[in-house]
Amino acid sequence: MINKILIANRGEIAVRIIKACREMGIATVAVYSEADRDSLHVQLADEAVLIGPPPATDSYLNMGRIVQAAQAAHSQAIHPGYGFLAENADFARLCEKEGIIFIGPNSNALELVGDKVRARQTMEKAGISIIPGMKSIPKSVAECEAAARTIGYPVIVKASAGGGGKGMRIVGEENDLKPAVEAGMREAKSAFGDESVYLEKYLEEPRHVEFQVLADNFGHMVHLFERECSIQRRHQKIVEETPSPALDDGLRAKMGEAAKKAMQAADYNNAGTVEFLLDRNSNFYFLEVNARLQVEHPVTELVTGVDLVRQQIRIASGEKLSMAQNDLRQRGHAIECRIYAEDPANNFLPSAGKILFVKEPKGPGVRHDGGIYSGWDVPIYYDPILAKLIVWAENRDLACRRMTSALDDYAIIGIHTTIGFLKDIINHPEFRAGRTNTGFIKRYFESWGEKGKDPGMLRPVLAAAAFDELNPAAHVQGAESRPSRKERFSPWQSLGKWRIGGI
Amino acid sequence: MEFEFLIDHIFHKVSVDKTGNALLFKEAGASFEADIRSISENVLSIIIEGRSYSATIVRDKDKKIVFLNGRSYIVEKPGEGAKAFHGGEERTREGQLRITAPMPGRVIKINVAEGEKVRKNQTLAIVEAMKMENEIKASCEAVVKKIHTSTGELVDAEKLLIELELEK
C-alpha cells in the first residue's frame, strides 16, 4: 500500500493531487525550484524539498534529483502530474529501476505512445485510421521538405515528445517550412528536453474530441466518455466540455471502442487519453495518446462522478478497477475554462508578476482548481496556467450560464488574465449553438478587445474610489506601496469605533 | 471634499459630502447618494438608489483597481502614471523607434544585425517567457541602429532591446 507520494510538479495540478492524497490518508512530498518557494503546492504538502534553480531543466526536469528526493523522503511513489516528466519513459524506467512506483503507465507503453511516430504506426496496424504524415523522425530539413511535398501543404510541425501546443507550427508553403521546423525544434527542446519534430497533414477546422480511458494492471479497461476540446489557441486548449455536442450515442460508442482498442494495442495501464480529430462528416482520426492525467480531467470527473486522481493512485497500488463499462453514465454537462496569465487584448503576451488580489467564484456546481493566492508572484519560468474554472449543470445551456456567472464573479487583480476573453467565448452564438471546431478562435476572436464597459458602473466605481481616498487605512495595498510602519495594522487605527463585549 | 480621478483614462471630477450614514456625490451636474460599507480589507458594499453593488478594490502603486460586475476599472490621479505603457515600441525623437521587451523573459534569438535594413513585420528578436516564444516585429521599414541586448539575456518588461531608425 502506498502511504507517501512525491508530486513531481507544481501549480494547480500539484495542488489537485495533494488534495486527493489527503482524502486517501496518503502523506505528500512537494518538490520546488528556487522560484517556487512561495507557491501554493509547497504550503499544502506535508513535506517540501528544494530541487534546484528556477529553469525547469535544472529542477522539475531533473530526474536524478527528483528520484533522490523521493528516496530521502521514503515515498513509495511519484505522481508526475502533466507536463514536465509526466510522459518521459526514461523517467518512468528510472523509477521502476529504483523501486519507486510511477503513477502512470508502464515505461514500455509510455515509450510507445510518447513516440508519436511509433504510436501512429501501431494504431495503423491495429486498424485505427490515422492522419497522413511522416512515419519516422526526419534527420534533416531537406527530408521534411520532401515529405511535405508528398503529404501536400498545409502541414503541421509537431514535437515528437510533445503536447500542449509546444513546438507546433502550421506551414502553408515551402518557404516557411525551414524556420517553422527550427522554431519547433527549439521550443520542443526547452519544453521537453527532446528536439525531435515531424510533419503531419493539417486538417482544416476539425473538432478535437478525446476519450478518457482507465486501465488497471490486470487487463481491465473502461472508457469514461469524451471531452470536446475544440476551442484552442496556438494549439493550446482553453475551453473543454463534455458531452461533445457533435456526438450521438452511436458515434460515441464507436469512438469509445476505438479508444480502448488503441490503448490495448499499446498495452497501456493507468489513466490515459486517446485524442481524435473529427471531421465534418463524422470521420475520426487517431491523433495521439496523452499518457498522463489531463489538464481537463475535471469535466470528466463531474459528469461521471469518478475521481480520476484517486483511480490513478488505486491502480498504481495494484488494485483492480472497481467499475465496469456498463456502470458508467454521463450525467449533465460540464465545462472547463483555463485561466492563463496572458493578456488577451495584447496578443496574449505572458503576464508574470504579483497577483494583488484573487476572489474565486463559488456556488452550486462551481469548482475551482487553482495554484494561486492573493500576494503571490507568478514566476516567468513556467507554463502560464494559473487555475481552472469548472462548472457542472443539468444541460449544456445551463452550464454555459453557470460558467458566465462564475467568470463574472472571478477577480484576479494585478496581472492580466484570460477571464474576459473566456467569457466572450462562452457567450458567442456559435459556441452556444455547439458549433465549435479548432478554427473557432482564429475565425471569431482573431483581434479581440474587451467590450465597452457598462456606463451604469461609473457611479459605483467613483463611489468606491472616493471612499477609498477618505478611508486610506481600510484596504490592503500593493506590495510597492505597503508602508513599513507597524502601526498601520494596530487595532487602534483600523477598528475605528468599537465596544468591548458589545455593551 | 473634491476628488479628481482618471477612470480608464477618462477624467472625472466628483465632490463628496456626508449626509447621515451615506455619502452625497456630485458629478457633472448630477448628484447621487451612496451608502458604503467596508466589508473586508478589499471588499466594499455599495448601495446607490436601492441598487446593490459588491466592489473589490486594490491599490497598486499610484493606481487603484476597482473590480465590479466582472470588469476591472483602473482609477488614477490626473498627472500620475496616466500613461499606460505596454512595452513593445516607443517613438522618441523624430524618426527613431525604441523596441522594448513586452514582458519579462529571456532573449533567445536576435534575428538582425546593426546597420541591417528591416521590412515591416520582419522578426527582430525572439523573447521566451512561460515556455512560449514571442516574436518581436518591426512595425515599419527601418534600419537597425543599435542592439542593446544579447542572446540568453534575462530581461525585464520595458527593457530596451533594439533601436531602429526610420528611412528618410
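The values are calculated or read from the model by the stated rules, or taken from the named source; none is laboratory data. Since the model is a prediction, treat every value here as computed from it, not as a measurement. For neighbour counting, all protein chains shown are included, and Cβ atoms are generated from backbone atoms with ideal geometry for every residue, glycine included.
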Is it the case, given these coordinates, that A:Gly184 is in the same structural domain as A:Ala146 (by TED's automatic domain parsing), in contact (Cβ under 8 Å) with a residue 24 or more places away in the chain, part of a loop (DSSP other than H, G, I, E, B) and within 24 Å of A:Ala147 (Cα to Cα)?
no
Selection from segment A:114-170 of residues that are among the acidic types (Asp, Glu) and not in a loop (DSSP other than H, G, I, E, B):
A:Glu124, A:Glu143, A:Glu145
Kindly indicate whether A:Asn346 is part of a loop (DSSP other than H, G, I, E, B) and either farther than 22 Å from A:Thr438 by Cβ or not assigned by TED's automatic domain parsing to the domain that holds A:Met221 (or both).
yes
Restricting to segment B:45-66, count the residues that are under 18 Å from B:His9 (Cβ atoms) and β-branched (Val, Ile, Thr).
2
Report, by residue number, each residue of segment B:22-48 that is closer than 20 Å to B:Phe67 by Cα and assigned to a loop (DSSP other than H, G, I, E, B).
B:Glu41, B:Asn42
Is it the case, given these coordinates, that A:Pro298 is assigned by TED's automatic domain parsing to the domain that holds A:Lys237 and either over 18 Å from the mean Cα position of the chain (by Cα) or in contact (Cβ under 8 Å) with a residue 60 or more places away in the chain (or both)?
yes
From the residues in segment B:54-74 that are under 14 Å from B:Ser40 (Cα atoms) and small (Gly, Ala, Ser), which one is surrounded by the fewest Cβ atoms within 10 Å (Cβ to Cβ)?
B:Ser54
All but one of (1) surrounded by fewer than 18 Cβ atoms within 10 Å (Cβ to Cβ); (2) under 30 Å from B:Ile108 (Cα atoms) hold for A:Gly127, so report the exception by its number.
(2)
Given the criteria under 28 Å from A:Lys116 (Cβ atoms), of a type in the set (S, T, N, Q) and either touching a helix residue (DSSP H, G or I) at 6+ places or on another chain (Cβ under 9 Å) or at pLDDT 95 or above (or both), does A:Gln330 qualify?
no
Mind checking whether some residue in segment B:10-26 is among the charged types (D, E, K, R) and within 7 Å of chain A (Cβ to nearest Cβ)?
no
Qualifying positions in segment A:290-314 - in contact with a Leu (Cβ under 7 Å, 6 or more places away or on another chain) and under 23 Å from A:Ile26 (Cα atoms)
A:Leu293, A:His297, A:Glu301, A:Val306, A:Leu308, A:Val309, A:Gln311, A:Gln312
Subset tally (residues that are hydrophobic (A, V, I, L, M, F, W, C) and within 14 Å of chain B (Cβ to nearest Cβ)) for segment A:303-349
6
Report those strands (runs of 3 or more DSSP E) wholly inside segment A:350-429 carrying at least 3 residues which are within 11 Å of another protein chain (Cβ to nearest Cβ).
A:357-359, A:411-413
Counting only residues that are closer than 26 Å to A:Thr418 by Cβ and either outside any loop (DSSP other than H, G, I, E, B) or modelled with pLDDT of 75 or more (or both), how many does segment A:478-496 have?
2
Residue that is farthest from A:Ala56 (Cα to Cα) [pool: residues in segment B:117-142 that are over 25 Å from the mean Cα position of the chain (by Cα) and surrounded by 15 or more Cβ atoms within 10 Å (Cβ to Cβ)]:
B:Ala142
First in segment A:51-79 and acidic (Asp, Glu), second anywhere and at pLDDT 95 or above, Cβ under 8 Å, 6 or more apart:
A:Asp58/A:Ser33; A:Asp58/A:Gly52
For segment A:27-45, which residues satisfy the criterion of being of a type outside the set (A, V, I, L, M) and over 14 Å from A:Arg16 (Cα atoms)?
A:Tyr32, A:Ser33, A:Glu34, A:Asp36, A:Arg37, A:Asp38
In the set A:Asp248, A:Asp267, which member is in contact (Cβ under 8 Å) with a residue 40 or more places away in the chain and assigned by TED's automatic domain parsing to the domain that holds A:Gly420?
A:Asp267
At least 1 residues that are modelled with pLDDT of 90 or more in each: list the strands (runs of 3 or more DSSP E) lying fully within segment B:73-168 that qualify.
B:105-110, B:123-129, B:142-147, B:160-166
The lone condition A:Gly256 fails out of (1) at pLDDT 95 or above; (2) buried (at least 24 other Cβ atoms within 10 Å of the Cβ) is (2)
Kindly provide the set of residues from segment A:133-169 that are of a type in the set (Ser, Thr, Tyr) and within 19 Å of A:Arg186 (Cβ to Cβ), ordered by number.
A:Ser140, A:Ser160
